[in-house]
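Below you'll find the structure, written out as structure tokens, and then a few comments.
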Amino acid sequence: MNDTGAGSDRVTFSISDSTVTIKDTLGGGSLQVDADGLSTVQPALTDRFLFPVDNAISFETEKLTFQSQTTIRLRDEYGDDLGSFSTTPRDLSRGTYCLDITADIKIYIRVCDGAFSAAFAGGYHSDTEFTVTFDTSTNIVLGARSNHTLPEATITVPDSPESLARVLPYLGSSIKEFSPERSWPSLRGHPPQIEHGSEIYIPEHLSKPDTGIRVTVKPSYADLYRVTPLVYYFGADLELGDEPALHLDLGYAEPLETPTHSLTETVNRLLSSCFYLDTITRIGGYYSLPRQEYEYVAEKLPFYPENLSELTLSEQLMEYLEVPFDTLEPYLPKWPLSATLREGPDDMELLPYLCNDLANIRVGQNLDPYTSSKYNKSSIHGTTVSPATGKTLLTTDSYRTGLSYTAVDPSEFSAVFVFTDTHRAETLEQLFSTAPNRFSALLDNRRTIITAPTVAQLQRVFQSDADLIYIDHPISDGLVRCSDGTVDLSSITSELPSVISVVNDTDLQNLRQLNHVGLLCGMSFNRHPDVVDLFSMSVLIAAGISVSQVASSIPVSSQLIGATTQQIVLQPDGRVPAEFDLSPITDDLFELTTTSSFTNHHPIGSVKIFDQFFEEGSFQLMGTIASKTVALSNEEILHILSESPTSTFANIPIYYPYDLSVEFIEHATHFK
């Protein structure tokens, strides 16, 4: 476990009468546990848990009661999974157990030599009470781990490569342990921030990981940027030298630059392959979640993945390096983010945020830093080629805004559309009000459509609590033309909507102004999108699809700015929309492909359970592609679409001008 010495500050316990409130100071979450015997509370050692925790207390009690937000698993004293709970009381004989609780904060309750009965008052995945009743007063240890979604400290760095090289290893201080389990996002944590300063300042409570891994690289900003994600994920020390290499404490060195592969290519291949092998090795670890592709991959490896979990990081990497990249490449997740930074010190403040996303980092001769996510205009339907849309401008302002952003419930999402002509406004309203579309209800009574606004009307739009604003009006030199004057964007300082979409904002100059005062995401289309595309844009965002994916799905070139992988809307169960593609083989036989795309709530390393079509109880690694041959009638496809309004099929458009019918499904799925 990586002990930073600050774990107790990440999680706090407060006691009032018979209630313990557990607070995540870095993630904002909390959980209340009702218990008797709290007069016996005392601090406890965190190493009494098999799993990483930041703080712990112990006390004796006969009963525990708390609200369940997600899942509760039972484990034995060795950490092995013993299943879940239901409304039927589950009786456990005397022994040592661990309750593994996933809520707004991660909780572990270690039961020391106790017998108990436990059950939900209501259904699984509900907010009803979960109660544990012991047969006698029993000693328990309650440990908690922060979700660590916020940076806990700030490092300052002068403008020199040597100074940057000294502080980069401290980005790994947020990682909870350097085992394959760190491929789970919840065990990585957000790295500390970096800011320009006159001298190096590293807060005392941050410690440099000691993994036995060392990276050498030439003393340039460009090369330091390129290796930063690798240094972070491996907890590596960093030294300046002439030969870029990864050094293991076993005496082996892996070159990071070869005659056939550049430093950028080698680092990105090494990071993606080792990360993926970690996700395979961890299947026998904390969460034994079966993966659909495990058997295909495991049989191609020169080692048995579960045998690696107890090895040192250097020993694991020695095994990983024996696997040819070509063997793994078909199974690797499509990497969520590829960032291109400028050479020089200006972009160093972006590094912690890019490490948080495990981004690939390139360096180019650009005027601005930008990213590209590996989705094309059909990405919401599972295709995987490079993007056809424009780039996303990177700014520290948007990342900092994103740290405090809370996604809204679908029932609360609202949108405002501002048009210059009546025809486009009336057409959009007609789509929302008359189209027999499974998505249209997502914005019922929460949409506002305005034509030719006055200055006062447009100012009220910017001051509204809308989540999405689309402006059809021309914008020039920061001025939006209205029917009776102009609105100066630089005068807007109030809290802004989450997403603002405009047309022809050359070089994003106007959206940059709004980004500086709190705009989370901005989109600029190079021409006016068709009204049907505006309909699709709004309902897809309302369904929980990220702005970058939505922009990629619209057949109009665009430029983006801000935290565009952020989910503006989060489904109540936290799930991401299902994405399918159907290629007909015969009339009722299809090759079905499915994928799940990354968001800030579902970063790389996350898994999702297959909802349908695949083996029950199996999981898919986010960003990977799964396919199989399935027999589906048109009626069955229609049922899936009708029952799951956030599922999308590549063949079936978001909007269609007539009833969703069996005949329409047949035409859509067999017409390529």
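Values quoted throughout were computed directly from the atomic coordinates according to the rules given, and no laboratory measurement underlies them. None of the values given here were measured: they were computed from a predicted structure. Note that each Cβ is placed from the backbone with ideal geometry, even for glycine, and that neighbours are counted across all protein chains shown.
Things to note:
- Phi angles across region 332-344 convert, under the Karplus curve 6.51 cos²θ - 1.76 cosθ + 1.60 with θ = phi - 60°, into 3J(HN,Hα) values of 5, x, 5, 4, x, 8, 10, 9, 10, 9, 8, 6, x Hz, Gly and Pro given as x.
- Entry note, region 276-362: relative contact order of 25 percent, from Cα contacts under 8 Å with a spacing of 6+ residues.
- Taking 0.36 nm per residue of sequence separation and removing the Cα-Cα distance, the Ala121/Tyr287 pair yields an extension gain of 57.2 nm.
- The simple spin-label model puts a point 7 Å past each Cα toward its Cβ; for Ser198 and Asp9 those points are separated by 2.4 nm.
- Candidate cross-link partners of Lys63 among the aspartates and glutamates, defined by an alpha-carbon separation under 12 Å and a same-chain spacing of 8 or more, comprise Asp34, Asp36, Asp135.
- Our coupling estimate for region 485-502, obtained by passing each phi through the Karplus curve with A = 6.51, B = -1.76, C = 1.60 and θ = phi - 60°, is x, 9, 10, 8, 4, 5, 8, 8, 10, 6, 4, 9, x, 5, 10, 10, 10, 10 Hz, Gly and Pro reported as x.
- Principal axis extents of the Cα atoms in region 277-349, from largest to smallest and rounded to whole angstrom, are 44, 27, 26.
- What the Cβ-Cβ distance of Ser476 and Lys218 gives, at R0 = 41 Å and to the nearest 0.05, is a FRET efficiency of 0.35.
- Applying D = kT/(6 pi eta Rh) to region 115-248, where Rh is the Kirkwood radius over alpha-carbon pairs, T corresponds to 10 °C and eta to 1.306 mPa s, the Stokes-Einstein value obtained is 90 µm²/s.
- Across the cross-link table entries Lys23/Lys608; Lys106/Lys334; Lys391/Lys608; Lys608/Lys628; Lys23/Lys176, which are compared at the Cα atoms, the separations over 20 Å belong to Lys23/Lys608; Lys106/Lys334; Lys391/Lys608.
- Ordering Leu403, Asn445, Gly574 by the projection of their Cα atoms onto the charge dipole of the chain, which places +1 on the Cβ of Lys and Arg and -1 on the Cβ of Asp and Glu, puts Asn445 at the extreme positive end.
- Computed from backbone phi, the HN-Hα couplings of region 212-226 come to x, 9, 9, 10, 10, 7, 5, x, 9, 4, 4, 6, 4, 4, 4 Hz, rounded to whole numbers (Karplus: 6.51 cos²θ - 1.76 cosθ + 1.60, θ = phi - 60°; Gly and Pro given as x).
- Model label points for Arg400 and Asp104, set 7 angstrom from Cα along the Cα-to-Cβ axis, are 2.5 nm apart.
- Extreme residue, positive dipole direction of the chain, given options Leu224, Ile475, Pro497 (C-beta unit charges): Ile475
- For the chain, averaging the sequence separation of C-alpha pairs within contact (under 8 Å, six or more residues apart) and dividing by the residue count gives a relative contact order of 9 percent.
- Beta bridges per DSSP, both residues in the chain: antiparallel share near 75 percent.
- For region 379-562, the alpha carbon convex hull comes to 113 Å³ per residue, rounded to a whole number.
- Computed extension gain for Ser160 through Ser262, at 0.36 nm per residue and net of the alpha carbon distance, reaches 34.4 nm.
- For Thr138, the residues 5 or more places off, or on other chains, whose built amide H falls under 5 Å of its own are Thr61, Glu62.
- Modelled this way, with points 7 Å down the Cα-to-C-beta line, the labels at Glu426 and Thr128 are 5.3 nm from one another.
- Region 505-525 versus region 75-118: alpha-carbon centroid distance in Å: 49 Å
- If you take the alpha carbon atoms of region 1-154 and fit the smallest convex hull around them, that volume is 104 Å³ per residue.
- Given charges at beta-carbon only (K, R positive; D, E negative), |dipole| of region 525-648 in Debye: 660 debye
- Summarised as an ellipsoid, the chain has semi-axes of 40, 32, 28 Å, derived from the eigenvalues of the Cα gyration tensor scaled by 5 and square-rooted, with the largest first.
- Less than 5 angstrom separates the built amide H of Phe303 from none of the residues sequence-distant by 5 or more or on a different chain.
- Close amide-amide hydrogen proximity is noted between His601 and Gln567, each under 5 Å apart and 5 or more residues distant or on a separate chain (H modeled in the peptide plane; Pro and chain starts excluded).
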